[in-house]
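S.K.: The structure's right below; bear with me while I get my questions together.
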There are 2 protein chains.
Amino acid sequence: MPVTIYDIAREARVSIATVSRVLNNSSAVSEKTRLRVKKVMEQLNYTPNVIASALTKKSTLTLGLLIPDIANPFFAELARGVEDASSDFGFNIIMCNTDYSSDKEATYISLLKQKSIDGFIISSAYYNDQNVIELLKANVPLVLLGRDIDDSEGLPVDVVVSNNVKGGYIAAKYLIDLGHENIACLLGPPRIKVNLEREKGYLKAMEEAGLKVCPEAVGYGDFKIDFGFKKTLEILKGPCKSTAIFAANDLTAIGAMRAIKFLGLQVPNDISVVGYDNTMLAEMVDPPLTTVNQQMRKMGYIATELLIKRIKGERGVGEKIVLDTELVIRKSASKCKNVDIL
Amino acid sequence: MPVTIYDIAREARVSIATVSRVLNNSSAVSEKTRLRVKKVMEQLNYTPNVIASALTKKSTLTLGLLIPDIANPFFAELARGVEDASSDFGFNIIMCNTDYSSDKEATYISLLKQKSIDGFIISSAYYNDQNVIELLKANVPLVLLGRDIDDSEGLPVDVVVSNNVKGGYIAAKYLIDLGHENIACLLGPPRIKVNLEREKGYLKAMEEAGLKVCPEAVGYGDFKIDFGFKKTLEILKGPCKSTAIFAANDLTAIGAMRAIKFLGLQVPNDISVVGYDNTMLAEMVDPPLTTVNQQMRKMGYIATELLIKRIKGERGVGEKIVLDTELVIRKSASKCKNVDIL
DNA sequence: TTATAAATTGTAACCGCTTACAATTGTCTT
DNA sequence: AAGACAATTGTAAGCGGTTACAATTTATAA
């Protein structure tokens, strides 16, 4: 029913090969016939069938985006950046929510491969993600977004992340400069590499300041509000006398703030809190959350751009781009009042 | 390079037609050969090429999702429901952000048509969306999600929305029952039908209670924080003496709360606020926002299910599903203190 | 046992486009 | 004006499946 290349060929009195040539603006077409063909395409309101061309060209102008959960504002921001770039370059995005499950991830990957997508943007990679390793081995174009893997078995990967070590460092440093000495640290799952890095930054700041970290005040969890809430209760009731909490994402920080309030204490007067990500939630909560900013949308955009350029053959593989992080100071952290030593 | 139907045929010593038959589990294959073919498919780790089959079957098992902005938690929730359903039924979702632009919407639509997607889920439809009308005329499978259109020129459409009139009504009624008489109303763009409906509910409640609405206290805007902030300042400085504000979405409500605080007043002691949507933001803000709950994820899920069943030919077109709305009472609204009359 | 219907399988055209290669046309030299 | 070469266009074989129709095999009935 729809207009095909044959219809155009017939009307323009040329072969379908020629029509195909003007479609792909190949040089080997005289200006005269090119114009004639284009005119017919206009008249008949022709749009080429991407599926048909994909069958031979292999390219579908479609990318797969794997994220844990689009309902999480962090990933929604990443996704927006990804979609913006795709749209700018004429690509489309198939969105997949893996729910932090390696199995779901694998299922999506095989499904998308069947659909001949041109590449993957993966933001759900674990510390050592077998799915990713396999894709790399199969030489499937892919970029890791926001999350690095630890071992790519020597295979080149493109990675776009932000400076997590710095992020952890400046968060802790800020609290230290405010006079805090007992600073708790709530991290996400250790199998996600960013947590190790943020912890590293935190530890570095502590060490530089000659402060010891209380073991019970550092814990891994799952990046959710509830974990922040429970772990904070635990810490504040424990032996560590923490006066400040650094949480490795905003949701956990929000959970921590709730726990503090739940105990009848105040943020930041009694306990200071610093979060991570700077999602829109940070400015919504009370008090507004001081947090480490990640340029999420930009990360998504750059990663996608990188991938598309690689697909087009405009560049090689194996780049690692680290975007800067910085502290956004709001109201959830203040000077330490219980400085024992002074 | 990848395994094709020919490889399977050769190994299983059958024709490609037979392989295709077991692929589509057509009945006309003997159990014996079916098993043999399946075994070979396993051994060779074969996955059929969706693109190739799409060329003849026309179906790509892919749906297009048009939303204004995935970074908006409301749409993120819808999208999550959509993706969940797609995944459950073996479909994938191409996500498009239209940024409230009819042109962008049209561009995406034509792009997705070229990619032979099986149907559209449209959540960006305006009061009278020409893009949608055209799709309907072309008989493209489509479902409207969260937003109805006003005139489909008699063409049947599937629509999944929530009960906006009721939502507006219960929000206003709640405030009225708390003793408020001067209730402002901040609405989104009038070209989005839900706003007219929510307003209708609000007006109905006011009328039932014998209250008059102050014209300056009702205004259309753009569903964003900033609008809520500015309009609220305007209203509170104006002649209407509003003691409560009903905002047609959570973001606007949050803007309103900020304006109230900005003026040195308290929520809810001085001014009560009720929002709409019950996004995750509602429980984050201070005070937690009393708001009308929409079952966003469920809406997305149901809409997608409807669309897929239609595509599969399991049902006709022209259904309108209205999900219930209810008030979620938190802390942003309280009894009216300035009741003049008493 | 044989004719006939039913079940199974194979052949080949087609989906709409790309592209290697061949054929044709045009341009430039001498 | 003929030959050599470049530019343009056409032919036809895929890409990996689906499916109408024909061919073959098997089951059933007389």
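S.K.: Hey, does the stretch A:131-153 have a residue that's buried (at least 16 other Cβ atoms within 10 Å of the Cβ), in contact with a strand residue (DSSP E or B) (Cβ under 9 Å, 6 or more places away or on another chain), within 12 Å of chain B (Cβ to nearest Cβ) and part of a strand (DSSP E or B)?
M.R.: No, every residue in the stretch A:131-153 fails to be buried (at least 16 other Cβ atoms within 10 Å of the Cβ), in contact with a strand residue (DSSP E or B) (Cβ under 9 Å, 6 or more places away or on another chain), within 12 Å of chain B (Cβ to nearest Cβ) and part of a strand (DSSP E or B).
S.K.: Looking at A:Ala125, A:Ala71, which is the one that is part of a loop (DSSP other than H, G, I, E, B), within 18 Å of the chain's Cα centre (by Cα) and more than 7 Å from chain B (Cβ to nearest Cβ)? Don't jump to the end; show me each part of the working.
M.R.: Numbers: A:Ala71 fails: more than 7 Å from chain B (Cβ to nearest Cβ).
Going through A:Ala125, A:Ala71 in turn, just one is part of a loop (DSSP other than H, G, I, E, B), within 18 Å of the chain's Cα centre (by Cα) and more than 7 Å from chain B (Cβ to nearest Cβ): A:Ala125.
S.K.: Out of all the residues in the stretch B:15-46, which are free of Cβ contacts under 8 Å to residues at least 40 places away in the same chain and of a type in the set (S, T, N, Q)?
M.R.: B:Ser15, B:Thr18, B:Ser20, B:Asn24, B:Asn25, B:Ser26, B:Ser27, B:Ser30, B:Thr33, B:Gln43, listed by residue number.
S.K.: Which of the following residues is of a type in the set (A, V, I, L, M), surrounded by fewer than 24 Cβ atoms within 10 Å (Cβ to Cβ) and either assigned by TED's automatic domain parsing to the domain that holds B:Gly316 or within 30 Å of B:Val132 (Cβ to Cβ) (or both): B:Val160, B:Val218, B:Val213? Write out each step before concluding.
M.R.: Details: B:Val160 fails: surrounded by fewer than 24 Cβ atoms within 10 Å (Cβ to Cβ); B:Val213 fails: either assigned by TED's automatic domain parsing to the domain that holds B:Gly316 or within 30 Å of B:Val132 (Cβ to Cβ) (or both).
After applying the criteria, what remains is B:Val218.
S.K.: Those residues that are more than 7 Å from every other protein chain (Cβ to nearest Cβ), of a type in the set (Gly, Ala, Ser) and touching a helix residue (DSSP H, G or I) at 6+ places or on another chain (Cβ under 7 Å), I need them from the stretch A:79-103; list them, please.
M.R.: Once the filter is applied, which keeps residues that are more than 7 Å from every other protein chain (Cβ to nearest Cβ), of a type in the set (Gly, Ala, Ser) and touching a helix residue (DSSP H, G or I) at 6+ places or on another chain (Cβ under 7 Å), the stretch A:79-103 yields A:Gly81, A:Ala85, A:Ser86, A:Ser102.
S.K.: Here is a further query. Just to be sure I understand, how many residues within the stretch A:203-224 are at negative phi and among the aromatic types (Phe, Trp, Tyr)? Before you say what the answer is, go through the steps one by one.
M.R.: Pass one, the stretch A:203-224, residues at negative phi: A:203-209, A:211-222, A:224.
Still in the running and among the aromatic types (Phe, Trp, Tyr): A:220.
Number satisfying all stated conditions: 1.
S.K.: Within the stretch B:79-98, track down each residue that is open to solvent by less than 20 Å² (accessible area, probe 1.4 Å) and of a type in the set (D, E, K, R). Walk me through how you get there before you give the answer.
M.R.: The initial filter retains those residues of the stretch B:79-98 that are open to solvent by less than 20 Å² (accessible area, probe 1.4 Å), namely B:79-83, B:85-86, B:91-98.
Within the stretch B:79-98, B:Arg80, B:Glu83 meet the criteria.
S.K.: Sticking with this one: So which of A:Gly90, A:Gly81 ends up being away from DNA strand D (no atom under 16 Å from the Cβ), at pLDDT below 95 and not hydrophobic (A, V, I, L, M, F, W, C)? Reasoning before the result, please.
M.R.: Values: A:Gly81 fails: at pLDDT below 95.
Being away from DNA strand D (no atom under 16 Å from the Cβ), at pLDDT below 95 and not hydrophobic (A, V, I, L, M, F, W, C) holds for just one of A:Gly90, A:Gly81, which is A:Gly90.
S.K.: Report whether or not B:Ala76 is assigned to a loop (DSSP other than H, G, I, E, B) and either facing chain A (nearest Cβ under 7 Å) or crowded, with 23+ Cβ neighbours inside 10 Å (or both).
M.R.: Details: assigned to a loop (DSSP other than H, G, I, E, B): no; either facing chain A (nearest Cβ under 7 Å) or crowded, with 23+ Cβ neighbours inside 10 Å (or both): yes.
No: the conditions fail for B:Ala76.
S.K.: How many residues are open to solvent by 80 Å² or more (accessible area, probe 1.4 Å), more than 13 Å from DNA strand D (Cβ to nearest atom) and assigned to a loop (DSSP other than H, G, I, E, B) when one looks only at the stretch A:1-46?
M.R.: Going through the stretch A:1-46 one residue at a time, the tally reaches 3.
S.K.: What number of residues in the stretch A:307-335 are of a type in the set (A, V, I, L, M, F, W, C) and within 27 Å of A:Ala248 (Cα to Cα)? Even if it seems obvious, please write down each step before you answer.
M.R.: Filtering the stretch A:307-335 for residues of a type in the set (A, V, I, L, M, F, W, C) gives A:307-308, A:311, A:317, A:321-323, A:327-329, A:333.
Applying the additional criterion that residues be within 27 Å of A:Ala248 (Cα to Cα) yields A:321-323, A:327-329, A:333.
Total meeting the criteria: 7.
S.K.: If only one of B:Val50, B:Val22 is more than 14 Å from every other protein chain (Cβ to nearest Cβ), of a type in the set (Val, Ile, Thr) and within 16 Å of DNA strand C (Cβ to nearest atom), which one is it? Break it down into steps so the answer makes sense when it comes.
M.R.: Details: B:Val50 fails: more than 14 Å from every other protein chain (Cβ to nearest Cβ).
Only one candidate passes the filter, namely B:Val22.
S.K.: Quick one: count up the residues across the stretch B:268-305 that are surrounded by 23 or more Cβ atoms within 10 Å (Cβ to Cβ) and either within 24 Å of B:Ile176 (Cβ to Cβ) or away from chain A (no Cβ under 14 Å) (or both).
M.R.: Matching residues across the stretch B:268-305 total 17.
S.K.: Moving on to the next point. When both residues are 6+ apart or on different chains and their Cβ atoms are under 8 Å apart, which pairs have a first residue that lies in the stretch A:83-98 and is of a type in the set (Ser, Thr, Tyr), and a second that is open to solvent by less than 10 Å² (accessible area, probe 1.4 Å) and assigned to a strand (DSSP E or B)?
M.R.: What qualifies is A:Ser86/A:Leu63; A:Ser86/A:Asn92; A:Ser86/A:Ile93; A:Ser87/B:Cys96; A:Ser87/B:Asn97; A:Thr98/A:Leu66; A:Thr98/A:Ile67.
S.K.: Could you check, for the stretch A:101-111, whether at least one of its residues is at pLDDT below 95, assigned by TED's automatic domain parsing to the domain that holds A:Ile67 and in a loop (DSSP other than H, G, I, E, B)?
M.R.: There is at least one residue in the stretch A:101-111 that is at pLDDT below 95, assigned by TED's automatic domain parsing to the domain that holds A:Ile67 and in a loop (DSSP other than H, G, I, E, B).
S.K.: Moving to a separate point now. Could you please let me know if B:Ala85 is of a type outside the set (S, T, N, Q) and within 16 Å of DNA strand C (Cβ to nearest atom)? Give the steps one after another, and end with the answer.
M.R.: Values: of a type outside the set (S, T, N, Q): yes; within 16 Å of DNA strand C (Cβ to nearest atom): no.
So B:Ala85 does not fit the description; no.
The values are calculated or read from the model by the stated rules, or taken from the named source; none is laboratory data. These numbers were taken from a predicted model, which means no experiment stands behind them. Note that each Cβ is placed from the backbone with ideal geometry, even for glycine, and that neighbours are counted across all protein chains shown. Remember, those area values only see protein heavy atoms, side chains included, never the ligands or the DNA or RNA. Shrake-Rupley method; radii C 1.70, N 1.55, O 1.52, S 1.80 Å.
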